[in-house]
Amino acid sequence: MLAEADVDAAIIASPISLHYEQVVKAIEAGKHVHRNKTITNTAKEATEIIEAAKKKSVKVVASLGKSAGSPIVRRPKQIIREGTIGKVYWVQWGMLGREHEYEPFRRPDDVAVSVDPTWYHKQGNGPMYDIGVYRLHAIIALLGLVEKVAYISGIRVGERVFKGRT
């Protein structure tokens, strides 16, 4: 498709563990790339993508997310800007939530409900890469670029059942 299609850009909307390979192929084909978050699983891969895009003179972009304009960012940003709490040196931000297959907007006939979600819970995918990046976006929107990020992750549900299969 990349070699034959008369398109200027490719959209990469695959599992995160496939982003690096697919983005690199699109860049090599001279296509601009829009990819879903997260760009890759490692900083090394992300750097390689950035360098490859520069060499091919193509752009690699992602959706901005919802963080910057979100009420959960706007109010704290105002408080910080006003000096109410002083200089911020450290931020801790957690998350809890349902798995994708249980999102409230899904309907029984929704194609996403029929997609086997086990890919999401394999090495190189999962909530830390998929959802954790929103917390990082929010912190950057709140405070600007960060110097260091640390995280803790765990498995909340050890065994899952999908359409009767464990």
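Bear in mind that the values in this text are calculations on the coordinates, not laboratory data. As the structure is a prediction and not an experimental result, all values here were calculated from the model. Here the Cβ is made from the backbone with ideal geometry for all residues, glycine too, and neighbour counts use every protein chain on show.
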Starting from the Cα-Cα distance between Asn41 and Tyr89, subtract it from 0.36 nm times their residue separation and give me the gain in nm to one decimal. 14.6 nm
Assign one of three labels to region 19-80, namely rounded, prolate or oblate, based on the Cα gyration tensor with a ≥ b ≥ c the square roots of its eigenvalues; rounded applies when a/c is under 1.5, prolate when it is not and a/b is larger than b/c, and oblate otherwise. prolate
Students often get this wrong, so try it: which of (i) 8, 29, 32, 24, 7, 1; (ii) 11, 42, 35, 11, 2; (iii) 8, 23, 19, 19, 13, 10, 6, 4, 0 is P(r) over Cα pairs in 10 Å bins from 0, in percent as calculated from the structure shown? (i)
Pull out the extension gain between Val115 and Lys55, defined as 0.36 nm times the separation in residues minus the alpha carbon to alpha carbon distance; nm, one decimal. 17.9 nm
Whether region 120-166 is rounded, prolate or oblate, judged on the alpha carbon gyration tensor where a/c under 1.5 counts as rounded: prolate
Report the extension gain between Gln78 and Ile155 in nm, rounded to one decimal, defined as 0.36 nm multiplied by the number of residues separating them, less their alpha carbon distance. 24.2 nm
Mind ordering 131-142, 4-15 by average Cβ neighbours within 10 Å, highest first? 131-142, 4-15
Charge dipole (the chain, unit charges on Cβ, about Cα centre) - positive-most of Val146, Ile79, Gly126: Ile79
Do you know the relative contact order of region 9-62, to the nearest whole percent, from alpha carbon pairs under 8 angstrom that are 6+ apart? 40
Helix-only CD estimate at 222 nm, as mean residue ellipticity for the chain, using -39500 (n - 2.57) per DSSP H run (n ≥ 4): -10000 deg cm²/dmol
Just want to confirm a number: the relative contact order over the chain, from Cα pairs under 8 angstrom separated by 6+ residues, in percent. 21
